[in-house]
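> What follows is a structure written as structure tokens; I'll ask about it next.
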Amino acid sequence: MTSLATTIAADLQPIRPSSIPAKLGLALALAAVADWLFYGPRIGLSLTLFAIATACVSMLFNHAALDLRRGITSAAILVAGLVPATEELNALSFLILVAALLMALLLATNSETTGFADRARAIRNFVLFGPFRVFPEALQIFNMSALTRSIALWLLPAALSTVFIALFAAANPLIEQWVFLLNPKLILDYVSIPRVLFWTMMLSLVWPFIHVRWRRREIVTTTIADIPVPPPLQSQVSAEFLGPSTILRSLILFNLLFAAQSILDGIYLWGHVALPANMTYAAYAHRGAYPLIATALLAAAFVLVAMRPGGPAEKSKIIRPLVYLWVGQNVLLVASSILRLDLYVDIYMLTYWRIAAFIWMGLVALGLILIVARIVLDKPNQWLVGTNLIALTIALYGCSLVNFDAFIADYNLSHSNEMSGKGLNIDADYLLTLGPQALPALDKVIAHRPGDNCLVSRRDRLVEVQPQDLAWRSWGFRNWRLQRRLDALAKARPAG
């Protein structure tokens, strides 16, 4: 029993960082081989060669867990998986090759899994979590001294701040100009972003085969229950990357960035201050509603993770006010997005997608407010999810009672050049797609376009469809109201 306790304790020890540099070096070498084999040319035999190279490097670092019988079985499975891909690479042979690689690795390095369910569970965890281990585990190269710890604490704030700046640049032409003044093109001329992403992807894919770590089942006995179990690597990494220090740094940076965007919107969007000479108000106002909503959603996700119940930052007297301030700025950001979309609709008319965008933005703003309510009231995440589902249900139920066809038709008509003297001409083709509910608006368009026989004939076809909806089997209160409205308009129309 003592030997069993010793074995389990050894299994639970953190991985020694001494082997990480060599593994990372060969992982980079495999990524370089993948670049040479795959980037640009059509993939064929190159995939087979890369699979063999990956298997060889994997065995180089994991041969200690291998015995002769399992080694022969794993090699046979791998060869069987390589044959179809060598014959012809297609979707089926690719899947067979991947499955063979996974099964060969499992049999060679994990002798504990014997049943089908255990093996399926192990492969599932390997596929789902393995590609995300490379960067946290590569950090073990460092001894986490004061300098390296400080660098690690700034990685997440800097990365997310870069994402927010990119979204703000997409939404705000002024910020885009400021970013352009930094002239990032000088760097991009020498760095291929797609190639960097390709190398990152290949590193993520080959790392689990080199640094093999299977999730072990917990074994608890009375003899070893008192053995102190060190926290797993993932907990240590999470503690560093999502601890109070990282969250505090992130919130300070994020509040400053969002304040810059909010001030610009307050000056130019809400205050209508004159823009620089090389920029039109339309270019500023009609751009960025959707990037800003994406920014708000990303911010909400960060707040949920940072202020998770029982987390180290939930009770912080410094972090909580910063969270409230940042969520408030996000609500203002959503309001600016709604105003931008409203200005866009004033010029380019209303559509179903734009109505859906208004409703979605309102739900996002409500969700942000509910996040603050969850933190203030100390409610669990289940309460937050349930409340948002209730709000979504109410919104969907309300939408089911709204006659959007008629609303869109009437709005577009009243804001068109024919009726208001400004804006675009009414898009009669789009009104026709709305169906019979657009008939009253179409009649007004026809009155302003005498002689448009094509539009009249298409309108008449809609009129022919309308009585079919009044049969008792297809009767609806909305169609009945429409028919009454059409009859009233027909009576009011002058004869002849």
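The values are calculated or read from the model by the stated rules, or taken from the named source; none is laboratory data. Everything quoted here is computed from the prediction, not taken from an experiment. Cβ: placed from backbone, ideal geometry, glycine included. Neighbour counts: every protein chain shown.
> Could you please let me know if Leu269 is part of a helix (DSSP H, G or I) and either at pLDDT 80 or above or aromatic (Phe, Trp, Tyr) (or both)?
So Leu269 does not fit the description; no.
> Specify which of the listed residues (Ala100, Ala85, Ala91) is without any contact (Cβ under 8 Å) to a residue 12 or more places away in the chain, hydrophobic (A, V, I, L, M, F, W, C) and out of contact with any His (no Cβ under 7 Å at 6 or more places or on another chain).
Being without any contact (Cβ under 8 Å) to a residue 12 or more places away in the chain, hydrophobic (A, V, I, L, M, F, W, C) and out of contact with any His (no Cβ under 7 Å at 6 or more places or on another chain) holds for just one of Ala100, Ala85, Ala91, which is Ala91.
> Return yes or no: is Leu68 more than 15 Å from Leu105 (Cβ to Cβ) and within 35 Å of the chain's Cα centre (by Cα)?
So Leu68 does not fit the description; no.
> Quick check on the range 62-71: of everything there that is out of contact with any Phe, Trp or Tyr (no Cβ under 9 Å at 6 or more places or on another chain) and surrounded by 11 or more Cβ atoms within 10 Å (Cβ to Cβ), which residue is modelled with the lowest pLDDT?
Looking at residues that are out of contact with any Phe, Trp or Tyr (no Cβ under 9 Å at 6 or more places or on another chain) and surrounded by 11 or more Cβ atoms within 10 Å (Cβ to Cβ), I get Ala65.
> Among what's in the range 1-49 and is at pLDDT 85 or above, hydrophobic (A, V, I, L, M, F, W, C) and over 32 Å from the mean Cα position of the chain (by Cα), pick the residue that is surrounded by the most Cβ atoms within 10 Å (Cβ to Cβ).
Ranking the qualifying residues of the range 1-49, first place goes to Leu49.
> Give the residue, chosen from Ile318, Ile347, Ile293, that is touching a His at 6+ places or on another chain (Cβ under 9 Å), touching a residue at least 40 places away in the same chain (Cβ under 8 Å), in the same structural domain as Ile175 (by TED's automatic domain parsing) and not polar (S, T, N, Q).
Ile347 is the lone residue from the list that is touching a His at 6+ places or on another chain (Cβ under 9 Å), touching a residue at least 40 places away in the same chain (Cβ under 8 Å), in the same structural domain as Ile175 (by TED's automatic domain parsing) and not polar (S, T, N, Q).
> Looking only at the range 77-91, filter to residues that are over 20 Å from Ala120 (Cβ atoms) and of a type outside the set (Val, Ile, Thr); which one of those is surrounded by the most Cβ atoms within 10 Å (Cβ to Cβ)?
If we take residues in the range 77-91 being over 20 Å from Ala120 (Cβ atoms) and of a type outside the set (Val, Ile, Thr), then Ala85 is surrounded by the most Cβ atoms within 10 Å (Cβ to Cβ).
> If you don't mind, another one. Is it the case that the range 98-118 has a residue that's hydroxyl-bearing (Ser, Thr, Tyr), in contact with a Leu (Cβ under 9 Å, 6 or more places away or on another chain) and at pLDDT 80 or above?
yes
> Which of the residues belonging to the range 23-46 are among the aromatic types (Phe, Trp, Tyr) and part of a helix (DSSP H, G or I)?
Trp36, Phe38
> Of these, Gly435, Gly451, Gly423, which one is surrounded by 14 or more Cβ atoms within 10 Å (Cβ to Cβ), modelled with pLDDT under 75 and closer than 29 Å to Ile347 by Cβ?
Testing whether each residue is surrounded by 14 or more Cβ atoms within 10 Å (Cβ to Cβ), modelled with pLDDT under 75 and closer than 29 Å to Ile347 by Cβ leaves just Gly423.
> May I pose another question? Check Ser416 against each of (1) in the same structural domain as Ala296 (by TED's automatic domain parsing); (2) modelled with pLDDT under 85 and name the one condition it does not meet.
Only one criterion is unmet by Ser416, namely (1).
> Determine whether Phe180 is within 30 Å of Leu47 (Cα to Cα) and either assigned to a helix (DSSP H, G or I) or at pLDDT 75 or above (or both).
For Phe180, the condition - within 30 Å of Leu47 (Cα to Cα) and either assigned to a helix (DSSP H, G or I) or at pLDDT 75 or above (or both) - is not met.
> Related question: Among the residues that make up the range 77-86, is at least one of them within 22 Å of Lys23 (Cβ to Cβ) and not hydroxyl-bearing (Ser, Thr, Tyr)?
Within the range 77-86, one or more residues are within 22 Å of Lys23 (Cβ to Cβ) and not hydroxyl-bearing (Ser, Thr, Tyr).
> Related question: Which pairs do you get when a residue that is in contact (Cβ under 8 Å) with a residue 60 or more places away in the chain, found in the range 110-125, comes within reach of a residue that is crowded, with 16+ Cβ neighbours inside 10 Å and among the small types (Gly, Ala, Ser), reach meaning Cβ atoms under 8 angstrom, with the pair 6+ apart or on two chains?
So the pair list comes out as Asn110/Ala122; Thr113/Ala122.
> Among the numbered criteria (1) modelled with pLDDT under 85; (2) crowded, with 16+ Cβ neighbours inside 10 Å; (3) of a type in the set (D, E, K, R), which one does Arg374 miss?
(1)
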